[in-house]
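My questions all concern the structure below.
The values are calculated or read from the model by the stated rules, or taken from the named source; none is laboratory data. Fair warning: this is a prediction, and the values are worked out from it, not measured in the lab. So basically every Cβ, Gly included, is an ideal-geometry build from the backbone, and we count neighbours across all protein chains shown. All accessible areas refer to the heavy atoms of the entire protein, side chains included, with ligands and DNA or RNA removed. Shrake-Rupley method; radii C 1.70, N 1.55, O 1.52, S 1.80 Å.
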Amino acid sequence: MSLISSFPGRKIISGDSEYLYFGGTAYLGLATLPAFQDIFIKNMRKYGTGYAASRKANIRIDIYEQAENILANLIGCQKALSVSSGFLAGQLALQAFRGEEYAFFCTSDTHPALYHPAASTAGTATQLLEEVRTFTSAYPEKKAVVLCDSITITENLYENNWYEQLPWSRTVFIADDSHGLGVMGPNGTGIYRKLKSIPFSELVVCGSLSKGFAVQAGAVFSSAGVIARLWDHPFFAGASPASPAAMATFRDAIPLYEIQRKKLTDHIRTFDNTFSSGDMFRHINGHPSYAYTQESLTRYLLDKGILTTAFHYPDVASPMVRRIVLSASHTEEDLAYLSACLKNFLRS
């Protein structure tokens with residue numbers, strides 16, 4: 001573990017050593033970008049540093065509705081609801097489907113944000129499909145709530161259509177798109193537009209806004225009916241919202257997101273064209289993370305002054321997560337050096 005005293009941008013300093021940082025989830029490189037910081041500071045001066053009151057109180061700040069309308073139009077849903085984190089967005093989304101008529105199903109790699117204590121956990125999407133079909137056949141009066149991540153190592157929703165085999169009218173589909181929002185899909189719109197072509201009983205997408213949009217917040221995207229139920233839920237009324245300055249920054253930074261997303265797309269194309277990894281990485285087309293399994297690669301790159309993501313997740317008993325992550329903040333020289341190091345590793 002490396003301890004640092006500032007935000008991890010394209011470079012980090014740990015102790016007496018400086019590293020190129022190819023890890024984390026700041027995909028668009030916005031947190032340390034002066035133009036983005038200026039927008040945030042301007043909005044912080046107007047809206048303050050935070051907001052501890054309930055959004056159900058008799059005094060309301062209009063920026064939330066403004067930002068949520070922009071989010072809904074961008075993502076392609078009827079309504080959006082913002083909260084303080086992606087984790088809360090996932091847990092709040094589950095609250096719209098309470099009662100004996102619902103049974104929950106997930107795969108083993110579903111993020112803890114969508115943890116449900118009564119969910120049946122399948123090892124693969126194929127096993128999940130079988131369980132859901134068996135359940136809906138045996139209990140025609142009930143509905144299956146399927147929980148999953150949009151970005152996974154093997155069965156991601158961007159490249160795979162396994163969900164099309166679900167019994168649509170009997171399925172509520174909830175996807176955590178934290179690593180896709182702002183980054184994947186046309187203009188960073190994420191997975192919702194692809195999924196809504198399937199006539200599920202209900203479709204819900206939730207996730208963090210901090211990875212793709214660089215604001216500390218989360219959001220739920222769904223039909224007007226689902227969002228109305230969540231608005232009325234005690235989880236929403238009792239939790240402090242995202243910072244209004246953060247939501248105003250999202251609203252004001254739309255042109256900047258487009259610029260940074262193009263830079264990231266160019267970086268991914270450059271890296272893919274420069275370094276042919278073969279079976280070295282597991283990679284989703286268009287996404288800036290490259291998963292690998294070799295501990296020796298982590299150590300080799302560290303010796304070359306490159307720090308990658310490598311830790312047990314979500315707990316110490318879980319498998320090691322190892323990833324090289326590109327960011328819009330990287331330079332062409334950074335990418336060239338990374339590619340050269342990887343080629344030398346393969347030759348060693």
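If you scan the range 113-122, which residues turn out to be more than 21 Å from the chain's Cα centre (by Cα) and open to solvent by less than 50 Å² (accessible area, probe 1.4 Å)?
Scanning the range 113-122 gives A119, S120, A122.
Ok, one more. Go through (1) within 24 Å of the chain's Cα centre (by Cα); (2) buried (at least 16 other Cβ atoms within 10 Å of the Cβ) for L297 and report which single condition fails.
Failing condition for L297: (1).
So if I check each of T110, T136, T171, which one is crowded, with 21+ Cβ neighbours inside 10 Å and more than 30 Å from V215 (Cβ to Cβ)?
Values: T110 fails: more than 30 Å from V215 (Cβ to Cβ); T136 fails: crowded, with 21+ Cβ neighbours inside 10 Å.
Going through T110, T136, T171 in turn, just one is crowded, with 21+ Cβ neighbours inside 10 Å and more than 30 Å from V215 (Cβ to Cβ): T171.
Give the residue, chosen from S276, S318, that is within 27 Å of L209 (Cα to Cα), assigned to a loop (DSSP other than H, G, I, E, B) and modelled with pLDDT under 90. Explain how you work it out, then say what you get.
Values: S276 fails: within 27 Å of L209 (Cα to Cα).
Of the residues listed, the single one that is within 27 Å of L209 (Cα to Cα), assigned to a loop (DSSP other than H, G, I, E, B) and modelled with pLDDT under 90 is S318.
Just the residues that are closer than 13 Å to F173 by Cα and touching a residue at least 60 places away in the same chain (Cβ under 8 Å), please, taken from the range 111-152.
Listed by number, the list holds a single entry, L114.
Among the candidates T32, T49, which residue alone is in a loop (DSSP other than H, G, I, E, B) and within 20 Å of Y257 (Cβ to Cβ)? Quick ask: steps written out before the conclusion?
Numbers: T49 fails: within 20 Å of Y257 (Cβ to Cβ).
Just a single option satisfies the conditions, and that option is T32.
Let me ask you something else. Which residues, taken from the range 84-110, are free of Cβ contacts under 8 Å to residues at least 60 places away in the same chain and in a loop (DSSP other than H, G, I, E, B)?
To start, the set of residues in the range 84-110 that are free of Cβ contacts under 8 Å to residues at least 60 places away in the same chain comprises 98-101, 103-109.
Result: R98, G99, E100, E101, S108, D109.
Say whether the condition of being of a type in the set (F, W, Y) and more than 27 Å from R282 (Cα to Cα) is met by at least one residue in the range 108-125. Before you say what the answer is, go through the steps one by one.
Applying the first criterion (of a type in the set (F, W, Y)) to the range 108-125 yields 115.
Filter again for more than 27 Å from R282 (Cα to Cα), leaving none.
Looking for residues that are of a type in the set (F, W, Y) and more than 27 Å from R282 (Cα to Cα), one finds none in the range 108-125, hence no.
Shifting gears a bit: In the range 123-146, how many residues are assigned to a strand (DSSP E or B) and within 24 Å of the chain's Cα centre (by Cα)?
Kept after step one, since they are assigned to a strand (DSSP E or B), are these residues of the range 123-146: 143-146.
Add one more test, that the residue is within 24 Å of the chain's Cα centre (by Cα), and what stays is 144-146.
Number of matching residues: 3.
On to the next question. Whether any residue in the range 280-294 is without any contact (Cβ under 8 Å) to a residue 40 or more places away in the chain, farther than 17 Å from H179 by Cα and either touching a helix residue (DSSP H, G or I) at 6+ places or on another chain (Cβ under 9 Å) or surrounded by 21 or more Cβ atoms within 10 Å (Cβ to Cβ) (or both) is what I want to check.
So in the range 280-294, the residues without any contact (Cβ under 8 Å) to a residue 40 or more places away in the chain come out as 283, 290, 292-294.
Those left that are additionally farther than 17 Å from H179 by Cα: 292-294.
Pick out the ones that are also either touching a helix residue (DSSP H, G or I) at 6+ places or on another chain (Cβ under 9 Å) or surrounded by 21 or more Cβ atoms within 10 Å (Cβ to Cβ) (or both) and you get 292, 294.
Yes: the range 280-294 contains one or more residues that are without any contact (Cβ under 8 Å) to a residue 40 or more places away in the chain, farther than 17 Å from H179 by Cα and either touching a helix residue (DSSP H, G or I) at 6+ places or on another chain (Cβ under 9 Å) or surrounded by 21 or more Cβ atoms within 10 Å (Cβ to Cβ) (or both).
Looking only at the range 314-344, filter to residues that are under 15 Å from G29 (Cβ atoms) and among the β-branched types (V, I, T); which one of those is nearest to the chain's Cα centre (by Cα)?
Result: V325.
Residue under question is K211, and the condition is that it be at pLDDT 95 or above and under 21 Å from P186 (Cβ atoms); does it hold?
On the way: at pLDDT 95 or above: yes; under 21 Å from P186 (Cβ atoms): yes.
Yes; evaluated as a whole, the condition is true for this residue.
Another one. When the residues of the range 10-41 are narrowed to those that are free of Cβ contacts under 8 Å to residues at least 12 places away in the same chain and under 17 Å from F213 (Cα atoms), which ends up most open to solvent (accessible area, probe 1.4 Å)?
Ranking the qualifying residues of the range 10-41, first place goes to D38.
Here is a further query. Pairs, please: C-beta under 6 Å, at least 6 apart or cross-chain, first residue within 17 Å of L181 (Cβ to Cβ) and in the range 249-270, second surrounded by 13 or more Cβ atoms within 10 Å (Cβ to Cβ) and among the β-branched types (V, I, T)?
Filtered contacts from the range 249-270: T249/I39; T249/V215; F250/V215; R251/I70; A253/I39.
Here's something else I'd like to know. What's the number of the only condition in (1) in contact (Cβ under 8 Å) with a residue 40 or more places away in the chain; (2) under 18 Å from the mean Cα position of the chain (by Cα) that I227 fails to meet?
With (1) in contact (Cβ under 8 Å) with a residue 40 or more places away in the chain; (2) under 18 Å from the mean Cα position of the chain (by Cα) applied to I227, the lone miss is (2).
Every residue in the range 141-151 that is more than 14 Å from E101 (Cα to Cα) and in contact with a helix residue (DSSP H, G or I) (Cβ under 9 Å, 6 or more places away or on another chain), please. Give the steps one after another, and end with the answer.
So the first thing to find is which residues in the range 141-151 are more than 14 Å from E101 (Cα to Cα), and the list is 147-151.
The answer is L147, C148, D149, S150.
Condition (residue is touching a strand residue (DSSP E or B) at 6+ places or on another chain (Cβ under 7 Å), open to solvent by less than 20 Å² (accessible area, probe 1.4 Å) and more than 24 Å from I191 (Cα to Cα)) applied to the range 328-339: is it met by at least one residue?
Yes: the range 328-339 contains one or more residues that are touching a strand residue (DSSP E or B) at 6+ places or on another chain (Cβ under 7 Å), open to solvent by less than 20 Å² (accessible area, probe 1.4 Å) and more than 24 Å from I191 (Cα to Cα).
Going through N187, N161 one at a time, which residue ends up being surrounded by fewer than 22 Cβ atoms within 10 Å (Cβ to Cβ) and either closer than 13 Å to L71 by Cα or charged (D, E, K, R) (or both)? Walk me through how you get there before you give the answer.
Working: N161 fails: either closer than 13 Å to L71 by Cα or charged (D, E, K, R) (or both).
Just a single option satisfies the conditions, and that option is N187.
Mind checking which residues of the range 222-268 are aromatic (F, W, Y), surrounded by 16 or more Cβ atoms within 10 Å (Cβ to Cβ) and within 14 Å of Q95 (Cα to Cα)? Can you show your working first?
Initially, the range 222-268 is screened for residues aromatic (F, W, Y), giving 231, 235-236, 250, 257.
Narrowing the set further to residues that are surrounded by 16 or more Cβ atoms within 10 Å (Cβ to Cβ) leaves 236, 250, 257.
Hit for the range 222-268 is F236, nothing else.
Please verify whether the range 301-316 includes one or more residues that are surrounded by 16 or more Cβ atoms within 10 Å (Cβ to Cβ) and among the hydroxyl-bearing types (S, T, Y).
Within the range 301-316 (the criterion being surrounded by 16 or more Cβ atoms within 10 Å (Cβ to Cβ) and among the hydroxyl-bearing types (S, T, Y)), the answer is yes, since at least one residue qualifies.
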